[in-house]
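The block underneath contains the structure these notes are about, expressed in structure tokens.
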Amino acid sequence: MVPVRSMPAASVDLSFEINILLMSVLPQSSAHDVQPIGGANVLNVDQIRAAWTKVVAALQREQHATGQWTGQLSTSALSTATAISAMAVTLESGAVPESQRSVVLEAIHGGCRWLNVHQNEDGGFGDTDRSYSNIATTLLVLAAWELAARHDREATANEDQRQAAWKYVESLGSWEGLRRRYGKDKTFVVPIL
């Protein structure tokens, strides 16, 4: 969890809402390991849905008309894959109100469309749309495509794109290559594995 006091004032409300949303999709077995900001330890379905609605609205405000989300520095496959994955998992969890499912699906599809046209020639993806490919971002995109495909296979990459991405990952040693690349720094390795 991100401590509220370390964030800019404008981000505090969104951080709180994201933390509530994350707690709502955690498996029951790990729910006791997470404490919401402010010390509250009980959430009801209405609170979760209200938090979810705020998070989706914030993500929608940040999504570009062409489908991607922009990171702090530039247009980003990394941020777009992360947003797609978060929305797909939330959709799967059942926390999305029926009235909002089509909105979330369209956001997922828009992000996938953007990724589909920004794959590097080597089959991989870089952190930005101008970066060389790297194994971590490529695996995050593959995960995003897989999560999105659970809802609509047609909205994600075609088989040639998937194979090109996996070929790139395998050329770097696959999972062992990811571990080798990041060594003791688990910032990217743990979430991907």
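The values are calculated or read from the model by the stated rules, or taken from the named source; none is laboratory data. Predicted, not measured: the structure shown is a model, and the values here were computed from it. All Cβ positions, glycine included, derive from the backbone under ideal geometry; neighbour counts span all protein chains shown. For accessibility, only protein heavy atoms count, side chains too; no ligands or nucleic acids. Shrake-Rupley method; radii C 1.70, N 1.55, O 1.52, S 1.80 Å.
May I ask you to list pairs of residues, at least six apart or on different chains, whose Cβ atoms are under 7 Å apart, with the first in region 109-122 being within 13 Å of Trp145 (Cβ to Cβ) and the second being part of a loop (DSSP other than H, G, I, E, B) and of a type in the set (S, T, N, Q)?
Gly111/Gln68; Cys112/Thr156; Trp114/Thr66; Trp114/Gln68
Restricting the search to region 98-117, which residues are out of contact with any helix residue (DSSP H, G or I) (no Cβ under 6 Å at 6 or more places or on another chain) and either of a type in the set (D, E, K, R) or open to solvent by 20 Å² or more (accessible area, probe 1.4 Å) (or both)?
Of everything in region 98-117, those that are out of contact with any helix residue (DSSP H, G or I) (no Cβ under 6 Å at 6 or more places or on another chain) and either of a type in the set (D, E, K, R) or open to solvent by 20 Å² or more (accessible area, probe 1.4 Å) (or both) turn out to be Glu98, Ser99, Gln100, Arg101, Ser102, Val103, Leu105, Glu106, Arg113, Asn116, Val117.
Inside region 118-141, can you point out the residues that are of a type in the set (Asp, Glu), touching a helix residue (DSSP H, G or I) at 6+ places or on another chain (Cβ under 7 Å) and at pLDDT 90 or above?
The one that is of a type in the set (Asp, Glu), touching a helix residue (DSSP H, G or I) at 6+ places or on another chain (Cβ under 7 Å) and at pLDDT 90 or above: Asp122.
Results for (1) surrounded by 17 or more Cβ atoms within 10 Å (Cβ to Cβ); (2) aliphatic (A, V, I, L, M); (3) modelled with pLDDT under 85, shown as yes or no for each residue.
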residue	(1), (2), (3)
Pro36	yes, no, yes
Gly39	no, no, yes
Leu43	no, yes, yes
Ile48	yes, yes, yes
Trp52	yes, no, yes
Val56	yes, yes, yes
Gln63	yes, no, no
Gly71	no, no, yes
Ser76	yes, no, no
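Can we say Glu92 is loosely packed, with under 15 Cβ neighbours inside 10 Å, part of a helix (DSSP H, G or I) and out of contact with any strand residue (DSSP E or B) (no Cβ under 6 Å at 6 or more places or on another chain)?
Values: loosely packed, with under 15 Cβ neighbours inside 10 Å: yes; part of a helix (DSSP H, G or I): yes; out of contact with any strand residue (DSSP E or B) (no Cβ under 6 Å at 6 or more places or on another chain): yes.
Taking the combined requirement at face value, the residue satisfies it.
Which numbered condition trips up Arg181, out of (1) in a helix (DSSP H, G or I); (2) open to solvent by less than 60 Å² (accessible area, probe 1.4 Å); (3) touching a residue at least 40 places away in the same chain (Cβ under 8 Å)?
Going through the list (1) in a helix (DSSP H, G or I); (2) open to solvent by less than 60 Å² (accessible area, probe 1.4 Å); (3) touching a residue at least 40 places away in the same chain (Cβ under 8 Å), Arg181 breaks only (2).
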